[in-house]
Structure formats: structure tokens, C-alpha cells
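Engineer: I have a structure here, written as C-alpha cells, and I will follow up with some questions on it.
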Amino acid sequence: MKRVILGFIVLVLLVAGTALIPAEHPQGDEEVHLGFEATGLYPVQSVSEIALGTALPKYPGQVTVYKTVDTTVSKDDALKMAEKFGMSEPVEEYETSYVIKGSPYTFEIEKETGYMTYTWYGRWMGSNERDRPEYLPTDEEARKIAETFLTSNDLMPDGAAYSSISHDRGAMLSAEGNETVVADQDTTVLFTGRLSNLSVVGNGIYVTLGGDGDVLRVAKRWRDVEPYKEFAILSPEEAIGELKQTGVVTTVSSPKKAVVDEIKLCYYATPPGTEQPYLKPTYYFHGTMEGENETGTFYQYIPAVPELGKGLY
Amino acid sequence: MRNTDISGYLVRVLFVLLVAGIAVAPVLGEQGTDEESDPGVAAPDEGSAVIVMTSAGPVAVEDLVPPYPPGWEPPRSPAVQGGLYPATAFDPASNTLILHEGWNLVSTPLWLADGHDTMMAIFGGVDTAAHSALRYNGSSSHWEAMGPLDEFRPLEGVWIYANGSYRIPLYLKPAQEQTAATTHLYSGWNVVGFWDVHQACARDMLLPLGSAWATATGYDAGVQDYEVSMVNGGTGSSSDQRLMFPGKAYWVYMTAEEDLIRSYYRSYSYCAEWVGDYHGTQAPLAWADEEAEGFYDTLAGSSSWTGRFINGNDAAMERHWKDPAFGGVDSNYIDNTHLAFFVGHGGTDGFVFGTAADDYNLDYDEARWGNTKTDWIVLGSCNTLNASTCRENWEDAFEGLHSICGFDTIGGTHPDMGWYFADLLMEGKTIWEAWYMATDMYVFPNDGSLRTAILAADIDGDLSTPDCLDDHIYGYGSSINPPGDPPNFQYKTDSCKLEV
């Protein structure tokens, strides 16, 4: 008899639990959304003290969540995109991509993800005299060159906005001594998408420039979306509380104190082809970290819609 | 009840001891093997004389000067003995044999097409100033003049005098007609032609001879004298990790008879290890398994590559990556494959395992890769190629290794990164291209400061030539063999860009 009663209680709890699931909750993606997912970044560490080094931003209480839309690239799509780069050579079809080889540029686009690159391999891969650091445009010039290149070729995606500039380098390292010769360097100008007036981290197009401002590479990774519905979001204060529980990404060992110097609300987009049903508003935190014996930086993304769980995507 | 608990405990203890015994056994066995003496060559110690054990007794290697061809005269100007980079004898881009004025010791890198494989067909247009083309008979220790219809065969060396410079096109058999080449080497001096159109270090070229070869000496036609000899097991300028080059032939001193067999078709092998569960010593690493398995399973689709093993969590062990000189068994594991892939935690000092069967960390100074087989290492581990430390930390690990890919900064894992990386390799991307494209795509979320990196052996100190930076995996494009102790390295970073 006791077992029957116990079984009945369990059944009631199960039914009640099911009934309490919010009606707005997207069906079928519990695994994706429930619970904070490890992100695959190596050093997520907890920190005992998190202080604010910047004013808390203000955001509306509700923000639109977007639904991702899968798109596949056809041969015609590839040709049309290549035309924007002025390429009209024959298209080669591979299992996962279309490739158009010109001189000196190669255009490649993946069928399932739409990941697109346009590359001057001879310059970009090797160490070319023309790309020595002294021949690079300034960052300001680089931004103008990149913007002009994308807009004049109708390549700037709708809503894309300037995001950041980074530099990569190639160097010769002597095995005998400590001599390092910087052989080449490039400047990459990144433009990221915007939705509901928030940046979409992960949706981006970048232009890499070499010496004399020559375009060495353009790459675009973009996830198409459509509006889903509005959801209440965490306040920045509440997000900091989540941050304390989640931990931060840092290589500083034995982290003791984090000082947040940037908080912003954004959307987080994973690469097309990966499972991500929705683009959710997410808080981005960045700052400095004091450890036991060293200092450094940290960052972390905290999903902002509690109703959709703690998974980033 | 209590008896049951105790017996269960005892069973567990016995099981642990058994596992520990099994785990330690390979290490002990490997160390035992290392202690076996080499009957042919006394391996040189740094700074001490190299002794070659011949049938006539011990001979210092510096006394082993190969014979000169009849009629050879010392160069008029004081000879500068050839070093790492003697005059080029073969241009692989055009399959052209290059003769320099004076004596040349040359070979064909592969089988020549019928009708284009005789001395007349190849050297008929060369003004030899009345010198005969010569070969050396290792069996009788005599020189023999070659006739116009004698075949110019791979693995054999020919001495030819040129009264000027010549570029002679070689018509190689097509790939499908190329077969293995064999030559029998006798105790004492033999002339051996270099096999292949790409350079390789002496250790690799002469690997089938085991300990039977003592020294190998090339002839630098540019300075008209012998190069510094490469000694089996030698170090420094006599290192057997110095390069041999296509189109050249070498004097090889043998302490025993042996066949040298080189096959045209080779199969290449790879492996992967990953650690996601660190038993609390480190934070668990999500997706390490899927990333490594994705790589392993995808490359298995290549007809040129064979997966040797994939180990995860506690089955992935530090000893598999550590050189026998430091108590490891990498020559039976990762260094017994051409390409090794690791996913797990790491830092500037090395990378981390999850089992205490060995120590947890593979420190950079315990790695000697490529002294058995490995050409490429990919480390999906943070900071292993930190810009400020990687050259100093990892340079000694390059013992034939071409390159290491890793991260300059914090890195990341992703279930799709491994297969995507392997797929790009099989599409013909260079290893560096494939690595940064995969990390560019799948290392997220980040703050825009994350960078992937490569440390690649540089061969000629020339910044305009990418050398090993431009390597493709075998079967999907060109690659270049570095010497065992590269004089320089090329280092490149690439931001994982599509963030923030």
C-alpha cells in the first residue's frame, strides 16, 4: 500500500512539474538551454571577489529573442557572391564547398554554413617583403580601406558595424640566440552584426590588409535569423550575481579579485551549422584580474534570459 | 557483512596494484631496451670523439675519409667544407639534375622513364673533359667506368665530371609506374643515391640500415670537396639529423652488409589523445572527446592515412608523449605516428593529463619529437605556443619534427573543430591554414584576444620561404623535411577573429 501511495505522489509531482513549465518556453530544446553549459574554453575559474570598475549600463526590461534560420548555399549563390569580388572564373564544386580560383585571389564558400573567404594566399600565407610592418596602413587608414572595400563591392551585410582591429604577425625566431625578426604583419578590421540595436557577437565579416593596404583576405561568418518574441532579461546587477556563480575565463592562476571594466548586452551567435535554435540576449563582461602571483584579464558571457535557461546557446 | 566489505576492499586493492603494474611495465620495458648496446657504432657523447667499430678495430670517425675518384684534384682555392646546404643538385619543380663545373656525385631521385634512363640518354651532352663516368663497387672496393648503355638507377650514385655547368631534365616514370628500389650495401664504403624528390635527414633516409651504417658523406660540387660527415647517432655538425638532398649521392660507410630498400608508396599514420575528466585536479574540459574523435574519425576517410590509436581521459598518458631518454615511451606511441593530435589543458610549460599513472604534466623539456617518426604535432591546449616562450621552450623538442600547432593564448574546444580541421587538411589546405581556419571558426566565445599559433622549423633562414610553415599532410600537397636541429623557426599567430 505504501508503495502505491509513494508512486501516486511521484506521479502527481511529475504532472505538476510538467504543468509548471512556462508556455513561452520553446519546446524541444531543453537539452540546449537548461543549466549552464561548459563552453569548451579551457580555463573557467571561480573568483572570490568581483568588483565594479565601471558604471552599470541601463537596458530595457524586455528584449527580443531571435530564431535562427538555416540557409544553404547553391552554386548560383556562390557565383553571385564571387561576382561581387569581380571574379568570373569557373566554379569548382567540392563535397562541402564551392571554390573559384583566380589570380591572385581564391574565393571559397561552404555549402551548409555559408562561411565565405576571399584570399590572396600567396601573400597571406607566406612572409612577403611587401607586408613588413613598416608598409602597413595605420589602424585608422585600415578601417577606412576596409569599409570602402566592403561597401563599394556591396559586401557589407545589413546592420554590420565596425567592431575592432587586430594584428597578427609572422616572425623568424633564431634557435641560437634570442633574436626575433618580425617578418610580416597584417591588420584585420572586423565588422559585426547588430540586432535590436545590440551587437551580435559571432556574426562578423572581416577584412585583412597587408602592406600598402592590399586586401589579403575577407571572411564572413553569419547566422541568419528572424524575430521570435520578447523575453524579460536579467538586470546587470543580477547578471553579476550569475557571473559570480559561473566563474570567468582567465589564465591568471589562483584568481583573487576581478574588476569589471566593461559590461554590455549583446547577442551571441555560434557558427552556422552548430546547434543554436535562438539568439539570446547575453551579458558580456570584461575586466582585469588579480591573482596570487600575477595579474591579467578575464571575460565571460552570461545569458540574460532566465526563462530560456542558462545555456549560452 | 564485514567480511564481505573486507574482501571487496582487498579485491579493489589487488585490482589497483594489477593496473599499476600493467601501467608501469611498458616504461620499464622501454628503459631496458634503451640500455641495450649498439654493436656497430659507439654513439657519440657531446664533445667526445666518435668511434666506429669496424672489423679492423675501432676507428675514429675523422679518419674515415671516403675515396676520391681517380683524376680528382684538390680545389685550387682553399676548400670550405660543405655544411648544411651544399650546392643544389636537383630542382624538384622542373625535375632537373644540376651539374656544377668539376666532379659531381649524383643520383636520380626516382625511377626514370624507359628510353630516358641510360648514361647516354642523360649525360650524352655533357663535356666530361675525357673523364669517364664512374661508379664504386662496394663488393670489390674498386672503381668502374660506366658505359653509355648502363642504366642510371635510383639508390645508386654516379661520379661525373662536367667541364661547365649543366641543367639536365630527368624524365621520371609516372607515379603509377614507380616501384620500390633496392640496393645491397657491403661492409666498408658504398655509394648510395638519395631516394625521393624531397630532402630528408640522413637518419630517415638510412633508417632501413639500422645500426649498420656508420657515416654518410656528401660531395659538395660547389666547393669540389667532401661535406662534413653525418654520423649515425651523431650530434652537432655530425648529426644524423642533417639533411640529405635529392639528386645527390653519398658515401656510406657500413659496419655490416645490409639491403637498403625504399618504397615509393608509403602509408602514413596518426593518433589522437584527449582529456576531459581531470578528476578534480583541473576543471573538466567539455568536448575534448568529441573534438579528438571528430579529427580521428574524419582523417580515417583518407586512403593515405591510418589511425593507430585514440586514447581518452585516463588512457591518455604523459608517457605516450615523453621521450625514452626521460622515462617515456613516445617512440611506441605518438612518435611512432606522423601526426599526433592532443586536446586537453595546457600552459606555457607543457600540457596536462588526467591520470596519476605518470606525472600529470608533459613538460616541454621532456619532449623529443620526430626522432622516431612524428612530423606534426597539434596541441589543442591553451598557451602551449605562447609568443614569448615557445621558441625557447620547444626548440629542443624538434628532432625531425616539422611543426607544432597550438594556442598563443587561451584556446578552446568544440565538437565540430576536430572533424573540420581534418576535413580542411584533406581538402589540401596547409596544416597551418587548416588549424587557424578551424580555430577561427570554433574557438568561442572569446573576447577578441584569443590567438592560435604555429611554430615551424625553418630550414634556410630565409624569411621569404615558408619552409615547414607551408607543409601539407602527406598525400594532399607538398611538405619539406627539416633537419633534426632546425637553425631557426618561423612563428605565426592568427586571431580567432569573429568575435566582439
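The values are calculated or read from the model by the stated rules, or taken from the named source; none is laboratory data. For clarity, every value in this text was computed on a predicted model and none was experimentally measured. Neighbour counts run over all protein chains shown; Cβ positions are idealised from the backbone, glycine included.
Engineer: Can you tell which of A:G202, A:G213 is under 30 Å from A:P104 (Cβ atoms), in contact (Cβ under 8 Å) with a residue 12 or more places away in the chain, assigned by TED's automatic domain parsing to the domain that holds A:R169 and touching a helix residue (DSSP H, G or I) at 6+ places or on another chain (Cβ under 9 Å)?
Structural biologist: A:G213
Condition check ((1) among the hydroxyl-bearing types (S, T, Y); (2) surrounded by fewer than 16 Cβ atoms within 10 Å (Cβ to Cβ); (3) on the phi > 0 side of the Ramachandran plot) across all residues:
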site: A:N128; (1), (2), (3): no, no, no
site: A:P133; (1), (2), (3): no, yes, no
site: A:L136; (1), (2), (3): no, no, no
site: A:T151; (1), (2), (3): yes, yes, no
site: A:L155; (1), (2), (3): no, no, no
site: A:D158; (1), (2), (3): no, yes, no
site: A:S164; (1), (2), (3): yes, no, no
site: A:H167; (1), (2), (3): no, yes, no
site: A:M172; (1), (2), (3): no, no, no
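Engineer: A follow-up question, please. With the condition being within 12 Å of chain B (Cβ to nearest Cβ), more than 18 Å from A:A219 (Cβ to Cβ) and out of contact with any Gly (no Cβ under 8 Å at 6 or more places or on another chain), I'd like the strands (runs of 3 or more DSSP E) fully within the range A:92-203 carrying at least 3 qualifying residues. Write out each step before concluding.
Structural biologist: Numbers: elements: A:97-101, A:105-110, A:116-120, A:161-174, A:180-195.
Per the criteria, A:161-174.
Engineer: Please determine, by comparing only the residues of the range B:270-294 that are within 22 Å of the chain's Cα centre (by Cα) and within 10 Å of B:V343 (Cβ to Cβ), which one is surrounded by the most Cβ atoms within 10 Å (Cβ to Cβ). So that I can check it myself, show each step before the final result.
Structural biologist: First, the residues of the range B:270-294 that are within 22 Å of the chain's Cα centre (by Cα): B:270-273.
Subset that is within 10 Å of B:V343 (Cβ to Cβ): B:272-273.
Working: B:A272: 30, B:E273: 27.
For the range B:270-294, the residue satisfying everything is B:A272.
Engineer: May I ask you to verify whether A:P277 is surrounded by fewer than 21 Cβ atoms within 10 Å (Cβ to Cβ), away from chain B (no Cβ under 13 Å), in contact with a Lys or Arg (Cβ under 8 Å, 6 or more places away or on another chain) and not aromatic (F, W, Y)?
Structural biologist: Yes; evaluated as a whole, the condition is true for this residue.
Each row is one residue, and each column tells you yes or no for (1) part of a loop (DSSP other than H, G, I, E, B); (2) in contact with a Gly (Cβ under 9 Å, 6 or more places away or on another chain); (3) modelled with pLDDT under 95; (4) on the phi > 0 side of the Ramachandran plot.
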position	(1), (2), (3), (4)
A:A16	no, no, yes, no
A:H25	yes, yes, yes, no
A:F36	yes, yes, yes, no
A:A55	yes, no, yes, no
A:V65	no, no, no, no
A:T68	no, no, yes, no
A:T71	yes, yes, yes, no
A:S88	yes, yes, yes, no
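Engineer: Of the residues A:T68, A:T72, A:T64, only one is crowded, with 19+ Cβ neighbours inside 10 Å, more than 12 Å from chain B (Cβ to nearest Cβ) and under 25 Å from A:L279 (Cα atoms); which?
Structural biologist: Only one candidate passes the filter, namely A:T68.
Engineer: Right, here's the next one. Of all residues in the range B:450-484, count the ones that are at the interface with another protein chain (Cβ under 7 Å from one of its Cβ atoms) and in a loop (DSSP other than H, G, I, E, B).
Structural biologist: Here the count works out to 3.
Engineer: I need a count of the residues in the range B:118-166 that are in a strand (DSSP E or B) and in contact (Cβ under 8 Å) with a residue 12 or more places away in the chain.
Structural biologist: Residues flagged as in a strand (DSSP E or B) and in contact (Cβ under 8 Å) with a residue 12 or more places away in the chain within the range B:118-166 amount to 14.
Engineer: Regarding A:A142, is this residue surrounded by 16 or more Cβ atoms within 10 Å (Cβ to Cβ), over 20 Å from the mean Cα position of the chain (by Cα) and not charged (D, E, K, R)?
Structural biologist: Yes, satisfied.
Engineer: Also, quick follow-up: Is one or more of the residues making up the range B:407-429 part of a helix (DSSP H, G or I), among the hydroxyl-bearing types (S, T, Y) and in the same structural domain as B:E273 (by TED's automatic domain parsing)?
Structural biologist: For the range B:407-429, residues part of a helix (DSSP H, G or I), among the hydroxyl-bearing types (S, T, Y) and in the same structural domain as B:E273 (by TED's automatic domain parsing): present.
Engineer: Right, something else. With respect to B:D365, determine if the residue is touching a helix residue (DSSP H, G or I) at 6+ places or on another chain (Cβ under 9 Å), in a loop (DSSP other than H, G, I, E, B), free of Cβ contacts under 8 Å to residues at least 60 places away in the same chain and among the charged types (D, E, K, R).
Structural biologist: Numbers: touching a helix residue (DSSP H, G or I) at 6+ places or on another chain (Cβ under 9 Å): yes; in a loop (DSSP other than H, G, I, E, B): no; free of Cβ contacts under 8 Å to residues at least 60 places away in the same chain: yes; among the charged types (D, E, K, R): yes.
Judged against the criteria, B:D365 is not a match.
Engineer: Answer yes if at least one residue in the range B:438-449 is without any contact (Cβ under 8 Å) to a residue 12 or more places away in the chain and more than 7 Å from chain A (Cβ to nearest Cβ), and no otherwise.
Structural biologist: Within the range B:438-449 (the criterion being without any contact (Cβ under 8 Å) to a residue 12 or more places away in the chain and more than 7 Å from chain A (Cβ to nearest Cβ)), the answer is no, since none of the residues qualifies.
Engineer: So which residues in the range A:252-308 are closer than 27 Å to A:Q62 by Cα, out of contact with any Asp or Glu (no Cβ under 9 Å at 6 or more places or on another chain) and among the β-branched types (V, I, T), if there are any at all?
Structural biologist: A:V260, A:I263, A:T270, A:T282, A:V305
Engineer: Of the residues A:V252, A:V218, only one is under 30 Å from B:T348 (Cα atoms), within 12 Å of chain B (Cβ to nearest Cβ) and touching a strand residue (DSSP E or B) at 6+ places or on another chain (Cβ under 7 Å); which?
Structural biologist: Every option except A:V252 fails the conditions.
Engineer: On to the next question. For the range B:411-436, what are the residues that are surrounded by fewer than 24 Cβ atoms within 10 Å (Cβ to Cβ) and among the aliphatic types (A, V, I, L, M)?
Structural biologist: The answer is B:L424, B:M426.
Engineer: Would you mind stating whether B:G418 is within 19 Å of B:Y474 (Cα to Cα), small (G, A, S) and more than 10 Å from chain A (Cβ to nearest Cβ)?
Structural biologist: On the way: within 19 Å of B:Y474 (Cα to Cα): yes; small (G, A, S): yes; more than 10 Å from chain A (Cβ to nearest Cβ): yes.
So B:G418 passes the test.
Engineer: Here's something else I'd like to know. List the pairs whose first member sits in the range B:485-500 and is under 17 Å from B:T384 (Cβ atoms) and more than 7 Å from every other protein chain (Cβ to nearest Cβ), whose second member is modelled with pLDDT of 85 or more and part of a strand (DSSP E or B), and whose Cβ atoms are under 8 Å apart, counting only residues at least 6 apart or on separate chains?
Structural biologist: B:C496/B:G412; B:C496/B:R451; B:C496/B:T452
For (1) more than 28 Å from A:T64 (Cα to Cα); (2) modelled with pLDDT of 90 or more, each residue gets a yes or a no:
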site: A:N178; (1), (2): yes, no
site: A:G193; (1), (2): no, yes
site: A:N197; (1), (2): no, yes
site: A:V200; (1), (2): no, yes
site: A:Y206; (1), (2): no, yes
site: A:V215; (1), (2): yes, yes
site: A:E242; (1), (2): no, yes
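Engineer: Taking B:D314 and the conditions (1) assigned to a loop (DSSP other than H, G, I, E, B); (2) modelled with pLDDT of 95 or more; (3) out of contact with any helix residue (DSSP H, G or I) (no Cβ under 9 Å at 6 or more places or on another chain), which numbered condition does it fall short on, given that it satisfies the others?
Structural biologist: The single condition B:D314 does not satisfy is (1).
Engineer: Another one. Mind listing just one residue for me: the one in the range A:294-309 that is within 14 Å of another protein chain (Cβ to nearest Cβ) and not hydrophobic (A, V, I, L, M, F, W, C) and, of those, surrounded by the most Cβ atoms within 10 Å (Cβ to Cβ)?
Structural biologist: Restricting to residues being within 14 Å of another protein chain (Cβ to nearest Cβ) and not hydrophobic (A, V, I, L, M, F, W, C), the top hit is A:Q300.
Engineer: Out of all the residues in the range B:372-394, is one or more under 17 Å from B:F326 (Cα atoms), under 24 Å from the mean Cα position of the chain (by Cα), within 14 Å of chain A (Cβ to nearest Cβ) and assigned to a helix (DSSP H, G or I)?
Structural biologist: yes
Engineer: Of the conditions (1) among the charged types (D, E, K, R); (2) within 17 Å of B:W369 (Cα to Cα); (3) facing chain A (nearest Cβ under 10 Å), B:E427 satisfies every one except a single condition; which number is it?
Structural biologist: Against the list (1) among the charged types (D, E, K, R); (2) within 17 Å of B:W369 (Cα to Cα); (3) facing chain A (nearest Cβ under 10 Å), B:E427 comes up short only on (2).
Engineer: From the list B:T108, B:T179, which residue is in contact with a helix residue (DSSP H, G or I) (Cβ under 9 Å, 6 or more places away or on another chain), assigned to a loop (DSSP other than H, G, I, E, B) and in contact (Cβ under 8 Å) with a residue 60 or more places away in the chain?
Structural biologist: Step by step, each of B:T108, B:T179 is checked, and only B:T108 is in contact with a helix residue (DSSP H, G or I) (Cβ under 9 Å, 6 or more places away or on another chain), assigned to a loop (DSSP other than H, G, I, E, B) and in contact (Cβ under 8 Å) with a residue 60 or more places away in the chain.
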